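Notes follow once the structure below has been shown.
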């Protein structure tokens, strides 16, 4: 069987990394992959590949050696529970992707506007960074707006 071309492997690799990022334990998986690669690769090369510092990779190795999986998770068994329910997240995503407010009016969303609407509609206080992270995880991307103090949001 013929070996796939490098560009096909690159595309497949990029897709695999995307999928890995969607997993609940993605950070743990990445750390374990880095530790496994350390047997055959230079730490500096691994750090570059994982977009981190060599010091961080050395810390992962030490923590895993000393404490096993617990050393890589830092004692945290999972992320915080979301402030929004799945149905609230779906509503939020529809507002952003359709660029409409809860009443159906066209809206140029900013993170600040979304934060206020979430408070009004769901009675949930959210900071800007967790809101930005939530949108990113829902495959919505942020774009710089014309004003310096806001970020508009558009579906990808």
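The values are calculated or read from the model by the stated rules, or taken from the named source; none is laboratory data. This structure is a prediction, so every number in the text was calculated from the model and none was measured. Cβ atoms come from the backbone with ideal geometry, glycine included; neighbour counts cover every protein chain shown.
For residue 28, the test of being assigned to a helix (DSSP H, G or I) and under 23 Å from residue 133 (Cβ atoms) is passed. Would you check if there is a residue in the range 2-17 being surrounded by 11 or more Cβ atoms within 10 Å (Cβ to Cβ), at pLDDT below 90, touching a helix residue (DSSP H, G or I) at 6+ places or on another chain (Cβ under 6 Å) and on the phi < 0 side of the Ramachandran plot? Within the range 2-17, not a single residue is surrounded by 11 or more Cβ atoms within 10 Å (Cβ to Cβ), at pLDDT below 90, touching a helix residue (DSSP H, G or I) at 6+ places or on another chain (Cβ under 6 Å) and on the phi < 0 side of the Ramachandran plot.
Of note, residue 139 does not satisfy the criterion of being at pLDDT 90 or above and either in contact with a strand residue (DSSP E or B) (Cβ under 7 Å, 6 or more places away or on another chain) or not assigned by TED's automatic domain parsing to the domain that holds residue 16 (or both). Among the residues of the range 105-113, at least one is more than 20 Å from the chain's Cα centre (by Cα), farther than 20 Å from residue 130 by Cβ, part of a loop (DSSP other than H, G, I, E, B) and touching a residue at least 24 places away in the same chain (Cβ under 8 Å). Within the range 43-59, the presence of at least one residue that is surrounded by fewer than 12 Cβ atoms within 10 Å (Cβ to Cβ), modelled with pLDDT under 85 and not assigned by TED's automatic domain parsing to the domain that holds residue 140 is confirmed.
In the condition set (1) at negative phi; (2) in a loop (DSSP other than H, G, I, E, B); (3) at pLDDT 85 or above, residue 132 is compliant with all but (2).
Within the range 22-38, the set of residues being loosely packed, with under 13 Cβ neighbours inside 10 Å and closer than 16 Å to residue 63 by Cα comprises just one member, 36.
Do you know which of the residues in the range 127-140 that are farther than 16 Å from residue 86 by Cβ and buried (at least 17 other Cβ atoms within 10 Å of the Cβ) is farthest from the chain's Cα centre (by Cα)? Of everything passing the filter in the range 127-140, 131 is farthest from the chain's Cα centre (by Cα).
For the range 92-105, filtering for residues that are touching a helix residue (DSSP H, G or I) at 6+ places or on another chain (Cβ under 9 Å) and at negative phi leaves 7.
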